[in-house]
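> Please see the structure below; I have some questions.
Just so you know, all these numbers are worked out from the coordinates, no wet-lab data involved. Since the structure is predicted, the reported quantities are computational estimates derived from the model, not experimental observations. Ideal geometry is used to build each Cβ from the backbone, glycine not excepted, and the neighbour counts take in all protein chains shown.
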Amino acid sequence: MTRRLIPRVFPSASIAATVCLLVLGAGTIAFSQSTGKHDYDELCASCHGTDGTGKGRVLTEASPPDLTNLSIRNGGKFPFEQVYRIVDGREMLESHKRFAMPFWGIYLQKEGHQFTPASNAAEKQRITEIVRYVEALQKK
C-alpha cells in the first residue's frame, strides 16, 4: 500500500498569505486615495481650497461651494452620483455655474484617444477617485 503525502499548510503560512492579501488590498485603497487627492489638488483645490471649504482663489463668475458639507446638506448621506456628474460636467446642471468649472469628463480624456473605451475608462476612474477624495473631506 502506498501512502500519499499530503502537503500540510502551516498556520503561519496561512496567516502570512492573509496578511499579504490585506496589505495589497490596502495598498490599492491607499493608491486610489492618493491619486484622488493628487488630482483634487491639481484640478480642484485652486478654487475649492485644499481643505474643500471653498476658500481657494476668488472667482468673479461664482463662489466655489464648500465641498465639506455635501453629506450634511443631503441628510447625512454623501451624494456620490450627483457629485460624480458635476465633476464630469457633461450633464449640464442649471444650478451649477459650468462656465466657472471645467468639464473634467472631457478634459481628462487621453489626448489623441478621446472617447475611446480605454480613455473613457481611465477618465471615469480618475473622476471616481476625485469624488471618493471629496467624500473623505466630509464633516461629520
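> My understanding is that a pair violates if its Cα-Cα distance is over 24 Å; which of LYS77/LYS110; LYS77/LYS124; LYS110/LYS139; LYS55/LYS140 do that in this structure?
LYS77/LYS110; LYS110/LYS139
> Which residues' amide hydrogens lie under 5 Å from the amide hydrogen of LEU137, considering only partners 5 or more residues apart or on another chain, with H built in the peptide plane?
none
> Please list, ordered by chain and number, the residues whose modelled amide H lies under 5 Å from the amide H of MET101; skip anything fewer than 5 residues away on the same chain.
Here the answer is none, since no amide H 5 or more places off falls under 5 Å of that of MET101.
> Oh, and also: What number comes out for the charge environment of ILE127, summing +1 per Lys or Arg and -1 per Asp or Glu over other residues with Cβ under 9 Å away?
Neighbourhood net charge equals -2.
> Listed highest first by mean packing, meaning other Cβ atoms within 10 Å per residue, what order do 35-45, 70-80, 118-128 come in?
35-45, 118-128, 70-80
> Then there is this: May I ask you to evaluate 6.51 cos²θ - 1.76 cosθ + 1.60, the Karplus curve with θ = phi - 60°, for each residue of the stretch 63-68 and list the ³J(HN,Hα) values in order in whole Hz, giving x for glycine and proline?
So the J values, rounded to whole Hz, are 8, x, x, 6, 7, 7.
> Work out from phi, with θ = phi - 60° and the Karplus expression 6.51 cos²θ - 1.76 cosθ + 1.60, the ³J(HN,Hα) of each residue of the stretch 102-111, listed in order in whole Hz, and give x for Gly and Pro.
Calculated HN-Hα couplings, in order: x, 8, 5, x, 8, 4, 7, 5, 5, 4 Hz.
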